[in-house]
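The structure under discussion appears below in the form of structure tokens.
The values are calculated or read from the model by the stated rules, or taken from the named source; none is laboratory data. Since the model is a prediction, treat every value here as computed from it, not as a measurement. So basically every Cβ, Gly included, is an ideal-geometry build from the backbone, and we count neighbours across all protein chains shown.
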Amino acid sequence: MGARPDSGRNRGDVRSDRFRLPVSGWCVTVQSPTGLEDLLLRESRVSDSALALELFGRLVHAENGIPADFGELPAADGEALLLLLRRAALGDLVCAEARCAVPECASRVDVDFHISECLAAHKVRRRRSLRQGDKQGWFSFDGESVLFRLPTCADLAAIELENEPRSALVHRCIEPAGIPGRLRRRVERAMEAMAPRLSQSMTGRCPECNQAFDFYFDVYGFVLRELRNHAASVYQDVHLLALHYKWPERQILEMPRSRRIQYAEMLRDQGVAA
Ligand SMILES: [Zn+2]
């Protein structure tokens, strides 16, 4: 918890981040988005999971010759990757909003955290009773016939429009179907230990009534909504720069987002209106 900084827009800088994803071990670099990704964010009509995969394909590079099919990434690594992308686009400090859970208070509460600290605290554990299954990427327990694998980014994209997404995910990742609830919960605990999700419940304290409350931070929902909001100026920026400098649309869109915004703001500060 912390006060929202009053330094204006949290625009961040243009940089490339190198990072080892905790579950897969893939080493990746992440680029800052350009206006082309801003247009994608504003105009794409695909699901959040599919949109995230499209952004990964454009802005993330896997090292060491690993084929970069981001659909194969464990879903937990997809969340880490989306936070890295957010850091490259808008900086390390995240300012989320929650609402106090005390009904008679219901104050809006700013919740601030740093992505770097969040990722550093993200520890992967491996259960001793776990063994490799016959199929690559599948696991089992000693003395049990159940097989399971970690959900991937492609799984999330595939189940997003299902009526029963949770059942669909279980069906894809656990074999055989219909195992007892006790065993399924054991499998789910093992999955969570091997690939803890960054979307999680967080605890905050309301500055108005001083009560602690829980809220759920959904990485995909939050980051994509934030990136879409920040992309909203792309049309005005391109219009202003094209009108003033006579640069072609493509050239403006290919600039790093932060540079385009800076040029456009300089023109606005000088009273140049589109
Ligand atoms: Zn309160």
*asked:* Of all residues being of a type in the set (Ser, Thr, Tyr) and not in a loop (DSSP other than H, G, I, E, B) in the range 191-233, which is nearest to the ligand (Cβ to nearest atom)? Just the residue, please.
replied: Thr203
*Pairs only if they're at least six apart or on different chains, beta carbon under 7 angstrom, first in the range 244-268 and surrounded by 15 or more Cβ atoms within 10 Å (Cβ to Cβ), second among the polar types (S, T, N, Q) and not in a helix (DSSP H, G or I); list them, first residue then second.*
Leu253/Thr34; Met255/Thr34; Pro256/Ser32; Pro256/Thr34; Arg257/Ser32; Arg257/Thr34; Ser258/Ser32
_strands (runs of 3 or more DSSP E) (entirely within the range 78-157) containing at least 1 residues that are within 16 Å of the ligand (Cβ to nearest atom) and either on the phi > 0 side of the Ramachandran plot or aliphatic (A, V, I, L, M) (or both)_ = 93-99, 108-114
*Condition test on Arg172, is it surrounded by 13 or more Cβ atoms within 10 Å (Cβ to Cβ) and modelled with pLDDT of 90 or more?*
yes
*Selection count where residues are in a helix (DSSP H, G or I) and over 15 Å from Thr34 (Cβ atoms), scope the range 234-269*: 12
*In this structure, is Leu243 more than 21 Å from Gly91 (Cα to Cα) and either among the aliphatic types (A, V, I, L, M) or not assigned by TED's automatic domain parsing to the domain that holds Ser49 (or both)?*
yes
*Take Leu93 and decide whether it is closer than 27 Å to Cys173 by Cα and hydrophobic (A, V, I, L, M, F, W, C).*
no
